[in-house]
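The values are calculated or read from the model by the stated rules, or taken from the named source; none is laboratory data. Small disclaimer: the values here were computed from a predicted structure and weren't measured. Backbone-built Cβ (ideal geometry, glycine too); neighbour counts: all protein chains shown. Just the protein is used for accessible areas: all its heavy atoms, side chains included, with ligands, DNA and RNA removed. Shrake-Rupley method; radii C 1.70, N 1.55, O 1.52, S 1.80 Å.
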Amino acid sequence: MKISEQAFGTIPLSPPYPKIEKDLPDDPLELFNEWFNLAKNCDEIEEANAMNLATLGEDGFPKSRVVLLKEIDNGSLIFYTNYNSEKARSIDLHAQVSINFFWPALEKQVIVKSRATKVSREKSADYFNSRPRGSRIGAWVSHQSSAINSREALDEQLMEIENKFKDQEVPLPDFWGGFACEPVSFEFWQGRENRLHDRILFERVNGSWITKRLQP
């Protein structure tokens, strides 16, 4: 079901605001896809798929960083990383993650609470093999999140890997792959005048999505 632009538009409307609940789809992914397509087609947004991923670390502190959404498959949001990285180790300990998309040019924000699990090696390989050769080499070079003495040392690692795979295909490393983040809630935020923003929450309860409006 297409969301009415007048009901949930990209530009704040003058009071009185329309009631938007009646225009919401049953599945929040429909609304997310609509907003995401708006962001992809907005000239002021360079990377609509940039998402802030927050995890709970091994040290007990939350940490967020920007990763790239590469695919939505079977309702899950998928990104790729080094499985030995700090973020991956955090997910191994605490599968619950929070994802945030913020598109200020559209006055839109989406917060997605999810449970993250590794994708199959076959799926990781399909994506890995689609990357430019330099990116595939880079995945082998970087011991992500580990300390290194200098930039020169990193460049030496690069030379070693380039020589190792000279004149041959770069295979998928055992330590690299994707995570599928299965949403348990979506919160859609739309900027409005006087900071009386729209906040619509979708929560998955017993296999179904329920919605509620949150006060700004």
Mean separation of Cα contacts under 8 Å, 6 or more apart, over the residue count of the chain: relative contact order %: 21 percent
FRET efficiency, 1/(1 + (r/R0)^6) with R0 41 Å, evaluated for R199 and S130 via beta carbons: 0.65
Dipole axis of the chain (+1 Lys, Arg; -1 Asp, Glu on Cβ), positive-most option in G191, V141, L106: G191
In Hz, Karplus ³J(HN,Hα) per residue of region 39-48 (6.51, -1.76, 1.60; θ = phi - 60°; x = Gly, Pro): 5, 5, 8, 8, 5, 7, 10, 7, 10, 5
Charge context of I148, other residues only, Cβ under 15 angstrom, K/R +1, D/E -1: -4
Test item: Cα-centred dipole of region 33-141, Lys/Arg +1 and Asp/Glu -1 on Cβ, debye: 420 debye
About the Cα centre, charge dipole magnitude for the chain (Lys/Arg +1, Asp/Glu -1 at Cβ), debye: 500 debye
Pairwise centroid distance, computed over Cα atoms, of region 168-189 with region 38-89, Å: 8 Å
GNM flexibility winner over the chain from F128, F61, F36 (Cα, springs under 10 Å): F61
For peptides 148-155, 84-91, sequence by mean Cβ density within 10 Å, most packed first: 84-91, 148-155
Per-residue [θ]222 nm for the chain (sum of -39500 (n - 2.57) over DSSP H runs n ≥ 4, rounded to 500): -7500 deg cm²/dmol
Å² per residue, accessible surface of region 19-118 at 1.4 Å: 52 Å²
Mean Cβ count within 10 Å, highest first, over the residues of peptides 108-118, 25-35: 108-118, 25-35
